[in-house]
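Student: Got a structure for you, written out below as structure tokens; questions coming shortly.
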Amino acid sequence: QVQLEESGGGLVQPGGSLRLSCAASGSAFSINAMGWYRQAPGKEREFVAGMRWNNIASYSNYADSVKGRVTISRDKSKNTVSLQMNSLKPEDTAVYYCAAGRDREVLTTPAYWGQGTQVTVSS
């Protein structure tokens, strides 16, 4: 079992920045991919960014809606992934969920989910 805990959400003005973090615990060795999804009011949960890794390299994917404005990163020593979000827009307002799994399944059907952290972009 893997437990995921998000942090870093809050209220930020349009154009501002926010950094979300997700800490994995439990059988963290069983995952090699983590990512972020979000769900805005009245909308389906959507993929935001993901990262997977192997013995050779790591790979990142971003939704078109956030590409160029967000960066996903990993600190393997702490079993955490972070999502640095810049130039935030009101449409970025959502509950952001951390996800984990193996390989490309994180892009579609993650095995593990965090409880979510609220991000509100408003003046």
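The values are calculated or read from the model by the stated rules, or taken from the named source; none is laboratory data. Note that the coordinates shown come from a computational prediction; the quantities given were computed from them, not determined experimentally. As a convention, Cβ positions derive from the backbone with ideal geometry for all residues, glycine included, and neighbour counts pool all protein chains shown. We work out accessible area using only protein heavy atoms, side chains counted, and drop any ligands, DNA or RNA first. Shrake-Rupley method; radii C 1.70, N 1.55, O 1.52, S 1.80 Å.
Student: Against the definition (assigned to a strand (DSSP E or B), in contact with a Cys (Cβ under 9 Å, 6 or more places away or on another chain) and more than 16 Å from ALA111 (Cα to Cα)), how does LEU11 come out, yes or no?
Tutor: No.
Student: On to the next question. Quick check on LYS89: is it touching a residue at least 60 places away in the same chain (Cβ under 8 Å) and either touching a strand residue (DSSP E or B) at 6+ places or on another chain (Cβ under 9 Å) or closer than 17 Å to ALA40 by Cβ (or both)? Please lay out each step first, then the result.
Tutor: Numbers: touching a residue at least 60 places away in the same chain (Cβ under 8 Å): yes; either touching a strand residue (DSSP E or B) at 6+ places or on another chain (Cβ under 9 Å) or closer than 17 Å to ALA40 by Cβ (or both): yes.
When the stated conditions are applied, LYS89 passes them.
Student: Separate question: Out of ALA57, ALA33, ALA49, ALA94, report the one residue that is touching a helix residue (DSSP H, G or I) at 6+ places or on another chain (Cβ under 9 Å) and not hydroxyl-bearing (Ser, Thr, Tyr).
Tutor: After applying the criteria, what remains is ALA33.
Student: Name the residues in segment 9-64 that are surrounded by 12 or more Cβ atoms within 10 Å (Cβ to Cβ) and of a type in the set (Phe, Trp, Tyr), would you?
Tutor: TRP36, TYR37, PHE47, TRP53, TYR59, TYR62
Student: Within the set of pairs 6 or more residues apart or between chains, which connect a residue that is within 18 Å of GLN115 (Cα to Cα) inside segment 16-32 to a residue that is among the small types (Gly, Ala, Ser) and open to solvent by 20 Å² or more (accessible area, probe 1.4 Å) with Cβ atoms less than 6 Å apart?
Tutor: ARG19/GLY8; LEU20/GLY8; SER21/SER7; SER21/GLY8
Student: Suppose we filter segment 66-101 for residues that are touching a Cys at 6+ places or on another chain (Cβ under 6 Å) and open to solvent by 40 Å² or more (accessible area, probe 1.4 Å); how many remain?
Tutor: Total satisfying the criteria: 0.
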